[in-house]
Every structure is written in structure tokens, then in C-alpha cells.
Amino acid sequence: MLSDLMLYLVIGLALLLVVAVVGVVLVVGRGRRSRPVEAPRTTPGEVLAPPATPETEVAEPEAEPEVAVPTLEVPERPASRLVRLRQRLAGSGTLGRGLLGLLSRDQLDEDTWEAIEDLLLGADIGVQPTQELVERLRTRMRVEGGGAADARTVLREELITLVDPSMDRGLQVSGADGNPGVVLVVGVNGTGKTTTVGKIARILVAEDRTVLLAAADTFRAAAADQLSTWGERVGVEVIRGPEGGDPASVAFDAVKDGVDRGIDTVVVDTAGRLQNKQGLMDELGKVKRVIEKQAPVTEVLLVLDATTGQNGLIQAKVFSEVVDVTGIALTKLDGSAKGGIVVAVQRQLGVPVKLVGLGEGPDDLAPFDAAAFVDALLG
Ligand SMILES: Nc1nc2c(ncn2[C@@H]2O[C@H](COP(=O)(O)OP(=O)(O)OP(=O)(O)O)[C@@H](O)[C@H]2O)c(=O)[nH]1
């Protein structure tokens, strides 16, 4: 009897306990859900997702508020970029396919050779290199000729010879005697100069080098902003000056900073207004002289737009007379059916193409390689 009473008492207490626990859980849960969300604090210029409206209820389960940690991008390593060269050029590889089609004909008559010549000239290879190539192709096809496979081998070898695999295409990004390497980037506005500086910074970061960028294009504030954005994405500092200020002073400050801080490479973006040759000569000459009070310039990289054809060659000539150009970055090769400009510009300046721009994406800049380029052309 007494034990029955005790049993009912225990069951009753247990039920009470369960009701109490469920009640507490419900009250706490509701309290949490109705807590207003704090609007995130922003500072000017910060890019954030649209803020949640205060007082709105947040759906369950409640997540810990995310702290916006700026994540740095990890740029692609240069070696894997060459794969893209093949894809991008294959799209506009009319030159390679056209040449192969003609050379594989059973009868290589005069009309065919003329068509081959027209194709080469149309791809901006230039008159002299075209004649040389056609001459060599004629001889070899006569001696070795016959069949599409042979045509491909002969054409590949001769195109590689024309592009010249013996040229040193390494970008000089290292300084001597503890100085940083200084890369001075020159070229007409719109060729992709600022973009190329940003892309070079990414390549250097991918190779674990410390980098500083100098926005010495002080004529357009947007150019410095553009460069700052490139820098922020990979954690590279950008030295800039007041709009309309002296470009040489920005370049000097950046290189001095680079020397003081033991930076590996300083890349200097310049303005390339071609209003007249004397003005350009004065400006670029001063930038280079002033930099060299701190450390020697190790590379003068001329940025050329591959789609501008003969115009690009004229620009190249003017710049090479003003500064001692040591390498060429050929941009927008992805949008050009005129890959032959590589040959023409190297011949004109006697300077190697060291980098090629293959698109607007951040890692669309690849080190140039003669064999990979020809293979990409031939598809
Ligand atoms: N398709 C393609 N577009 C490119 C390439 N390189 C640069 N561009 C584009 O070309 C345009 C001009 O590039 P910028 O870097 O601003 O040219 P810039 O010579 O510095 O000109 P300013 O900034 O006016 O001094 C931009 O829209 C780039 O995205 C490339 O390799 N391929």
C-alpha cells in the first residue's frame, strides 16, 4: 500500500520535472529567436553583403554571426597557365589550320604557295619573315614532302625556328647586391598595361616572392584605383601619389621602400600617353633615372596589344627609341587571329616576347614559350 503510494509519488514528480524542462526549453528558444539582429558596422569603401533588416526574426537554427575575414586569393602557378594558351589560341587558330590544309595538298603549285604567303601576311608575321618561311617550306617540302603528317612536322619545326626558341624569355625580377628587382612597365594606354602589372604581381606572389607595386600613372586616378584592387586581392601593397603628381616621385618612393624593406620585386606602372615623342621621352627617361638613384631597373617591359597590328609595331618602335626595352608582354592574344605579331615585333625590336595575355581573368597571363605557342597555333 505504502509502496504503491511511493510509486505514484515518484511518477508524479518525474512528470512534473519533464513539464518543467520542456517549459524552460520553449521559453529560452523563443527568447533567442526574437532577438533582433545587429546591423553590421561598415566602413566607407567596404564591400559587404546587403545588411539584414533590424528586428526581423532569424530562422532556426541560429548560426554564429560570421566574421568577415578578408581572404587573399591564391594565384595560379605560371606553369599550368600554358595549357590555357592552347585552348585560347585554338579558338582563333585559323592560321595554323589554314597553313596545314594548304601544305597537305597533293599538288603544291604556285597558287598554293601564294595562298600560304597571303595567310602568313594576313596573320601579321611581316613581309621578310614570311618570305623566309615560305622559302624554307618550299625547299623542305620538295626534299622531304608528301603527306599530311610530314607537312605538319615540317611546318611545326619551321614555325618554331621563326619564333626563335633560343631567346632568353625569363623576366628579370631579381636585383643584385641586395637590391630588389625593378620591373618598369611601359606602353600606350589601353593596351592592358595596368592589368598586366596586376597579373605580374599575381605570378610573383604565386612564386612566393615579396612584391611592391608603384602606381606611377598619376594622370588617371582610376588607374591607381585599378592597381590597388589588384594588390588587395593578393595582399600586395601599392604605393601611389596624388592625382596629377610627379610619376617619377611615386616610382622613387616605391623603389626606396622596396630597398629599405628588402622586397624582392618592385613593379612600376607608368602612363603611356603618346602625345609626342619628346614628352614621352622626357617623362619615361626621368622615371628611369630617378629610380636608378635607388636601384637599377632590371627589366623594361613593353606592353603591346596583339590586335592592333601594324599600329602596335609603330608604337613599339617609338617606345624602344625612348627606353631600352628588354622584353615584350603581348596582350589580348586571345582575341586575335594574328598571332604572327609575335614574330614581327621580335624582329622589329630584337627583343623577346616574354609574356602573353590570354584574357581578362586575373590569371590569364602566361610565360611565353616558342614550342607551346606553335603547338597552340597548329591546334
Ligand atoms: N581579352 C583580353 N583583354 C585584356 C587583356 N589584357 C588586358 N585586357 C583588357 O584591356 C582593357 C584595358 O586594360 P588596362 O589595363 O586598363 O589598360 P592600360 O594600358 O593600363 O590603360 P590605362 O589604365 O588607361 O592606363 C581592360 O578591359 C582589360 O581587361 C588580355 O590579355 N586579353
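Quick notes
- Figure legend. Inter-residue proximity from segment 343-364: first residues at positive phi, second residues within 11 Å of the ligand (Cβ to nearest atom), beta-carbon distance below 6 Å, spacing 6+ or different chains. Indicated pairs: Gly359/Asp334.
- Filter pass, Arg140 being at pLDDT below 85 and surrounded by 16 or more Cβ atoms within 10 Å (Cβ to Cβ): no
- Search result, residues across segment 311-337 that are touching a residue at least 60 places away in the same chain (Cβ under 8 Å), of a type in the set (S, T, N, Q) and touching a helix residue (DSSP H, G or I) at 6+ places or on another chain (Cβ under 9 Å): Gln315, Thr331, Ser336
- Among the residues examined, Gly340 does not qualify as out of contact with any Phe, Trp or Tyr (no Cβ under 8 Å at 6 or more places or on another chain), within 13 Å of the ligand (Cβ to nearest atom), touching a residue at least 24 places away in the same chain (Cβ under 8 Å) and under 24 Å from Gly98 (Cβ atoms).
- For Gly170, the criteria (1) away from the ligand (no atom under 16 Å from the Cβ); (2) in the same structural domain as Ile341 (by TED's automatic domain parsing); (3) closer than 22 Å to Thr326 by Cβ hold in every case but one, which is (2).
- Count of segment 173-189 residues which are more than 16 Å from the ligand (Cβ to nearest atom), in a loop (DSSP other than H, G, I, E, B) and not aliphatic (A, V, I, L, M): 4
- Looking across segment 349-378 at every residue that is in contact with a Leu (Cβ under 7 Å, 6 or more places away or on another chain) and of a type in the set (D, E, K, R), the one that is farthest from the ligand (Cβ to nearest atom) is identified as Asp369.
- For segment 184-203, the criterion of being modelled with pLDDT of 95 or more and open to solvent by 70 Å² or more (accessible area, probe 1.4 Å) is satisfied by no residue at all.
The values are calculated or read from the model by the stated rules, or taken from the named source; none is laboratory data. The structure displayed is predicted, hence computed values, not measured ones. Note: ideal-geometry Cβ built from the backbone for every residue, glycine included; neighbour counts use all protein chains shown. Side chains included, ligands, DNA and RNA excluded: accessible areas come from the protein's heavy atoms. Shrake-Rupley method; radii C 1.70, N 1.55, O 1.52, S 1.80 Å.
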